[in-house]
1. Restricting the search to region 271-287, which residues are touching a residue at least 60 places away in the same chain (Cβ under 8 Å), within 17 Å of Asp133 (Cα to Cα) and open to solvent by 30 Å² or more (accessible area, probe 1.4 Å)?
2. Which of the residues that make up region 224-252 are free of Cβ contacts under 8 Å to residues at least 40 places away in the same chain and either acidic (Asp, Glu) or in a loop (DSSP other than H, G, I, E, B) (or both)?
3. Would you point out the residue of region 96-105, among those that are open to solvent by less than 40 Å² (accessible area, probe 1.4 Å) and touching a Pro at 6+ places or on another chain (Cβ under 7 Å), that is farthest from Leu61 (Cα to Cα)?
4. Of everything in region 298-321, what is open to solvent by 20 Å² or more (accessible area, probe 1.4 Å) and in a strand (DSSP E or B)? Give them in sequence order.
5. Hey, Ser255 hits all of (1) touching a strand residue (DSSP E or B) at 6+ places or on another chain (Cβ under 7 Å); (2) exposed (fewer than 12 other Cβ atoms within 10 Å of the Cβ); (3) within 18 Å of Ala51 (Cβ to Cβ) but one; which does it fall short on?
6. Being touching a residue at least 60 places away in the same chain (Cβ under 8 Å), open to solvent by 20 Å² or more (accessible area, probe 1.4 Å) and of a type outside the set (A, V, I, L, M, F, W, C) is true for just one of Arg84, Arg115. Which residue is that?
7. Is it fair to say Asp191 is over 25 Å from Gln138 (Cβ atoms) and of a type outside the set (Gly, Ala, Ser)?
8. So, in region 195-228, of the ones that are more than 11 Å from Phe144 (Cβ to Cβ) and touching an Asp or Glu at 6+ places or on another chain (Cβ under 8 Å), which residue ends up most open to solvent (accessible area, probe 1.4 Å)?
Amino acid sequence: MKAIVMNGIGGTDRLSHVERADPVPGPGEVLVEVAFAGVNFMDIGVRQGMAWTEMPNPKILGVEGAGRVLARGDGVEDFEPGQRVAWVYAPGSYAERIAIPASALVPVPDAIDDRAAASIMMQGLTASHFATDFYPVQPGDTAFVHAAAGGVGLLLTQIIKLRGGQVIGRVSTPDKVAMAKAAGADHVIVDAEGQFAEEALRLTKGEGVHIVYDGSGPSTFQGSLDILRRSGTFCWYGPVLGGPGPLDIMSLPRSIKIGYATFFDHIHTPELLRRRSAQLFDWLAEGKLAVRVGGEYLLADAARAHADMESRRTTGKLLLVP
């Protein structure tokens, strides 16, 4: 089979399209033919040496995708050959085939196609966690969503609106405004330099927002602090772009609460993974949630997909097609 491996830590030139032996499912595993693999900032972090450092190179990148069961190992009863499945975390997903623990798979209903299933897993489960667990958005709450035209931002905006909240979105360029508004953003601020606080405070009549979702890196950290109202909540994510540095907790203003949303806390049991995924699939089928595919690339063009994502020029979800 063909796969994308990283040969060492560094830039996109460290990625290679190579031939690998087909995997064989072991006990409790399922062999899946990959229809689409999702591209995520997590993958870029791995390539840059921020994760998976204990795994020797060359190693196959990617964690997310959708496809069809080809075979199953001993002890697997939940899935049948031919069944359509999706997953959010299975290392080695940039490949034509992958052996995945059955506990990491979710069944895909007939109403959802493979493209949508692969697009909703990582970003949809992240957005769902942000708006329901990390900070349960209530009717009338005002949320500030950074990168509102990105994959997480578009889904997060829609889920906040489903829960009755208001959204102020931030995008980097004017051409992304319409996309953020189409997802439901009530106001959109165009800002590429981290100078959004004054406008956000004006829009909230000086009160500030209830919740900020910020995965844009250290350049926006102070502004996000500044726009929170008393006892507001700051959801920080996106480690690939770096952290804000050391914080003096006694210097935090207005009794605000800050937390770092770690991905594995979103769906920490197989039961929660399947329940949350089923909810996302239901919203898609009912037309309450829409995914935007911002780009499809052949598996061999994974390096270009990484470069495009790192440029921050892309919107929506990027997918690889084996």
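The values are calculated or read from the model by the stated rules, or taken from the named source; none is laboratory data. Worth saying up front: this structure is predicted, and the values here are computed from it rather than measured. A quick note on method: Cβ atoms are made from the backbone with ideal geometry, for glycine too, and the neighbour counts reach across all protein chains shown. In case anyone asks, the SASA skips ligands and DNA or RNA and just uses the protein heavy atoms, side chains included. Shrake-Rupley method; radii C 1.70, N 1.55, O 1.52, S 1.80 Å.
1. Selection gives Arg274, Arg276, Ala278, Gln279.
2. Passing the criteria: Asp226, Gly242, Gly243, Pro244, Gly245, Pro246, Leu247, Asp248, Leu252.
3. My answer is Ala99.
4. Hits for region 298-321 are Leu298, Val321.
5. Going through the list (1) touching a strand residue (DSSP E or B) at 6+ places or on another chain (Cβ under 7 Å); (2) exposed (fewer than 12 other Cβ atoms within 10 Å of the Cβ); (3) within 18 Å of Ala51 (Cβ to Cβ), Ser255 breaks only (3).
6. Exactly one of Arg84, Arg115 is touching a residue at least 60 places away in the same chain (Cβ under 8 Å), open to solvent by 20 Å² or more (accessible area, probe 1.4 Å) and of a type outside the set (A, V, I, L, M, F, W, C), namely Arg115.
7. yes
8. Once the filter is applied, the top-ranked residue is Ser219.
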